[in-house]
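Participant: My structure is below; once you've seen it, I'll send some questions.
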Amino acid sequence: MTSSAAEMMPTTIHCWSQPRSTSTALLYAFSQHPNVGKVFDEPLYGAHLLASPHLTRSGQEKDTVLAAQAHSNSIDACYNVLSQQSPDPSKPLTFIKHMSKHFPLLSLLSPPSSSIKAAQRILTQDKHIILLRDPLETIQSWSTAVEAGAAGATTLEELG
């Protein structure tokens with residue numbers, strides 16, 4: 001069953017995944033869909049880096065992420081980003097890819113009072129996808145990336 005964009009209400013789809021789960025490929029696929037007006041790739045990553053000083057990231061990587069995600073230092077600003085919907089009525093879908101380890105940052109069950117409406121909308125009106133991958137395949141993929149020098153600073157602990 002397909003709907004034309006004119007019949008669709010603005011909808012935000014949150015994809016919660018783990019590293020090495022092909023979630024980036026899914027993000028690219030959604031970005032090409034004719035009804036998708038906005039995509040966000042891990043908008044909580046900067047906040048995760050700030051909340052996790054024990055993570056080893058190069059200063060350049062951290063600086064690049066934080067510069068691109070100026071909202072990272074404020075939970076209210078993070079909620080503001082997550083509340084953005086496509087401004088184009090002909091493309092009413094918004095797709096947001098998250099890493100599941102970033103979920104606790106939202107405190108969805110007890111958000112700051114200034115973000116209660118956004119949290120309620122995220123929980124009750126937005127759509128959520130949980131993207132799972134066989135844990136053994138995830139570890140094998142990560143191990144292959146480490147051997148090829150393509151895993152960056154991601155540790156086994158960060159796989160989740």
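Participant: Write down, largest first, the equivalent ellipsoid semi-axes of the range 7-54 in whole Å, where each equals the square root of 5 times an eigenvalue of the alpha-carbon gyration tensor.
Facilitator: 25, 14, 8
Participant: If you average 1/r across every pair of different Cα atoms in the chain and take the reciprocal, what Kirkwood value do you get, in Å?
Facilitator: 16.9
Participant: If you count, for each residue, the other Cβ atoms within 10 Å and average over each peptide, how do 25-33, 46-54 line up from highest to lowest?
Facilitator: Packing proxy ranking, top to bottom: 46-54, 25-33.
Participant: Work out which helices of the chain, taken as complete DSSP H runs, extend at least 27 Å along their axis over the Cα atoms and score a mean Kyte-Doolittle of -1.0 or more, then list them.
Facilitator: none
Participant: DSSP beta bridges in the chain, what fraction antiparallel, as a percent rounded to 5?
Facilitator: Within the chain, antiparallel bridges account for around 0 percent of the total.
Participant: What is the total of Lys pairs in the range 34-153 with C-alpha atoms under 29 Å apart, excluding same-chain pairs fewer than 8 positions apart?
Facilitator: 15
Participant: Now for a different question. For n ≥ 4 DSSP H runs only, could you compute -39500 (n - 2.57) per run for the chain, divide by its residues and tell me the 222 nm figure to the nearest 500?
Facilitator: -10500 deg cm²/dmol
Participant: For the chain, which whole-number percentage of the solvent-accessible area (1.4 Å probe, protein heavy atoms only) is attributable to carbon and sulfur atoms?
Facilitator: Looking at the chain in its full context, I get 58 percent from C and S.
Participant: Using a 1.4 angstrom probe, figure out how much accessible area the chain has per residue, in square angstrom, rounded to the nearest whole.
Facilitator: 58
The values are calculated or read from the model by the stated rules, or taken from the named source; none is laboratory data. Just so we're clear, the structure is a prediction, and the values are computed from it rather than from any experiment. Every residue, glycine as well, gets a Cβ built from its backbone with ideal geometry; the counts of neighbours run over all protein chains shown. Areas reflect the complete protein model, heavy atoms only, side chains present, ligands, DNA and RNA absent. Shrake-Rupley method; radii C 1.70, N 1.55, O 1.52, S 1.80 Å.
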